[in-house]
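Read the structure below first, then the notes.
What follows draws every value from the coordinates through simple rules; no lab data is involved. Keep in mind it's a predicted model, so treat the numbers as computed, not measured. Please note: Cβ atoms are built from the backbone with ideal geometry, for glycine as well, and neighbour counts cover all protein chains shown.
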Amino acid sequence: MNTMKTPTSPDQGQRRAISQSVLRSLSRLGVLVGILVAPIAQAAVFDVVVYGSDAIFLAGRTDVAIPTADQPWTGPGTHLIRHGGATPEEIRETVPPFVSVTGGDVVKVADPAVGGVSFFNGYGAPLFGPGGNGLSGSSLTSLDGISGYLGPQGPLAGVFLDDSIPSSGPAPATLDFTLGGLGIDFLSLAPALRQVFYIGDGVTSGNVFQQFVAPAGATRLFLGIPDGFGFGGAPGAYDDNDGSYRVRIGINQDPTIPEPASMGVLALGLLGWTFFRRRA
Ligand SMILES: [Ca+2]
Ligand SMILES: [Ca+2]
């Protein structure tokens, strides 16, 4: 069984020191819980931390230079919209982490995603959980080759990419996760490459684990957050997003429902996480 180093802290300075976003993404993958060799497809479970700064629209954008938080970030060219002045958090946007996949892989969360992100100026409450805030209310435009997003505000989201940098070519159509569209209780979703999709906590309102099928050509599944001013328009407003979501992503792996004891351990871990973040 292979193991990967568990991330030690969300320390911003430490993270800035690592220039290559791919390395940063890998460093934030938690313990590789298990690898099983299946006859056809490889099965694996990854523990991933998704920070409020992980802009889903920057997935795979190793070509973008993200200015430090105290500098303006404006166009022309790829940029996220920032607040006009300093935020209390002064959080710098980050390229989101990814896990490796192959076309046809079936992805499910191994346990419902947990955690909270504070999307507005100031630390802590109100926190949005991985399911976001409400059934609709966010309509964000595409950024270069990555699609827009339409659905609940600020959920855990994903996008499948191949190995290329998604900065050229037209963005695919925006999927609709409002009640008038796909909603959030779908059982199976097959997004196209570069098409942002809602994950939320990964289970339906009836506690059925939802599945996401990797499109042909996919090599990576990025996990991040869609944000914008008022959760609408051009992507941005990440510079006040403290907090994080945590998710165990299963590839070709049946989900496990945690027993009460392990849920307690998870809750303690989250308490420790919150404590660290507040002291940081
Ligand atoms: Ca905040
Ligand atoms: Ca925000």
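Can you check what the net charge comes to around Gln195, using other residues whose Cβ is under 13 Å from the Cβ of Gln195 (Lys, Arg +1; Asp, Glu -1)?
Its environment carries a net charge of -1.
Could you give the nm distance between label points at Asn207 and Thr219, where each point is 7 Å from its Cα heading toward the beta carbon?
For Asn207 paired with Thr219, the spin-label model returns 4.1 nm.
Please give, to one decimal in nm, the separation of the simple spin-label points placed at Asp254 and Phe186, each 7 Å out from Cα toward the Cβ.
So the two model labels end up 2.5 nm from each other.
Region 92-113 to region 142-184: how many Å between their Cα centroids?
When both Cα centres are located, 14 Å separates them.
Starting from the amide H of Gly228, placed 1.01 Å from N in the peptide plane, find each other amide H under 5 Å away whose residue is 5 or more places distant or on another chain.
Gly236
So how do 76-89, 48-61, 133-146 stack up, highest first, on mean other-Cβ count within 10 Å?
Taking the mean over residues of other Cβ atoms within 10 Å, the ranking is 48-61, 133-146, 76-89.
Name the long-range amide H neighbours of Gly148: under 5 Å, sequence gap of 5 or more, or other chain; modelled H, no Pro or chain starts.
Here the answer is Ser142, Thr174, since their amide H atoms fall under 5 Å of that of Gly148.
Suppose R0 equals 30 Å; then what is the FRET efficiency for Ala125 and Ala173 from their Cβ-Cβ distance, rounded to the nearest 0.05?
Efficiency at R0 = 30 Å is approximately 0.25.
What does the charge count around Gly137 come to, taking other residues whose C-beta lies under 14 Å from its C-beta (Lys +1, Arg +1, Asp -1, Glu -1)?
Cβ neighbours under 14 Å give a net charge of -2.
What is the set of long-range amide H partners of Ser136 at a cut-off below 5 Å, with H atoms built 1.01 Å from backbone N?
For Ser136, whose amide H was placed from the backbone, the distant partners under 5 Å are Gln153.
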